[in-house]
Amino acid sequence: MVSATIRRPSPSPPVDVPGTDGYANGREARTEGMVHELAITNEILRVVVKHARREKAERVHRVALVVSELSDLKPIWIQRYFDRISEGTVAHGARLEIEHQAPEFLCNRSGCGVSFAVSLRTVDRVTCPRCGGGDCTMKEPADYVVEEIEVS
Ligand SMILES: [Zn+2]
């Protein structure tokens, strides 16, 4: 059993900015809803298969994904699409483990500038954990990161 860890920022833009991710050329319809999940799943599969090939793996057992809490990706659809489009590849049958990640913020108060992650599901208002300042900017969140791929 070989377990390898790779980190890779999402190459895809936010949902409402089509045309730069290689799936739509800007003249096509917006990528949204399930079409978005399908595009992302294709990208995930491509990364997984490429990695498995490099490891000379016969089977991919598990793929750990970290998905931004703010992304609208639906884990159930990602797994369904993955099951379907991975047919005939080493990744078929792999279990996707999807973890949600709280977005990161940066405190704007001069002399502070601390960055911190906070789940927007748990707070109404974002304040800096160090200085208590309320002037914080959210860093651009990646839609998802392929965190770990387990193969044999
Ligand atoms: Zn601060």
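Taking segment 87-110 on its own, how many of its residues are at pLDDT 95 or above, within 14 Å of Gly133 (Cα to Cα) and over 21 Å from the mean Cα position of the chain (by Cα)? Qualifying residue count for the region: 3.
Which residues, counting only those in segment 97-121, are surrounded by 12 or more Cβ atoms within 10 Å (Cβ to Cβ) and within 11 Å of the ligand (Cβ to nearest atom)? Once the filter is applied, which keeps residues that are surrounded by 12 or more Cβ atoms within 10 Å (Cβ to Cβ) and within 11 Å of the ligand (Cβ to nearest atom), segment 97-121 yields Phe105, Leu106, Cys107, Asn108, Arg109, Cys112, Gly113, Val114, Ser115, Phe116. The residues of segment 122-139 that are surrounded by 14 or more Cβ atoms within 10 Å (Cβ to Cβ), of a type in the set (A, V, I, L, M, F, W, C) and more than 8 Å from the ligand (Cβ to nearest atom) amount to a single one, Val126. Among residues belonging to segment 59-78 that are at pLDDT 95 or above and over 23 Å from Glu104 (Cα atoms), point out the one that is farthest from the chain's Cα centre (by Cα). Looking at residues that are at pLDDT 95 or above and over 23 Å from Glu104 (Cα atoms), I get Arg59.
Can Glu147 be described as surrounded by fewer than 16 Cβ atoms within 10 Å (Cβ to Cβ) and either near the ligand (Cβ under 10 Å from one of its atoms) or part of a strand (DSSP E or B) (or both)? No: the conditions fail for Glu147.
The rows are residues; the columns are (1) outside any helix (DSSP H, G or I); (2) touching a residue at least 12 places away in the same chain (Cβ under 8 Å); (3) under 21 Å from Pro103 (Cα atoms).
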residue	(1), (2), (3)
Asn42	no, yes, no
Val47	no, yes, no
Lys50	no, no, no
Arg62	yes, yes, no
Val66	yes, yes, yes
Leu70	yes, yes, yes
Trp77	no, yes, no
Gly88	yes, no, no
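The values are calculated or read from the model by the stated rules, or taken from the named source; none is laboratory data. Every value quoted in this text rests on a predicted model; they were computed, and no experiment measured them. Glycine gets a Cβ as well: all are built from the backbone with ideal geometry, and neighbour counts include every protein chain shown.
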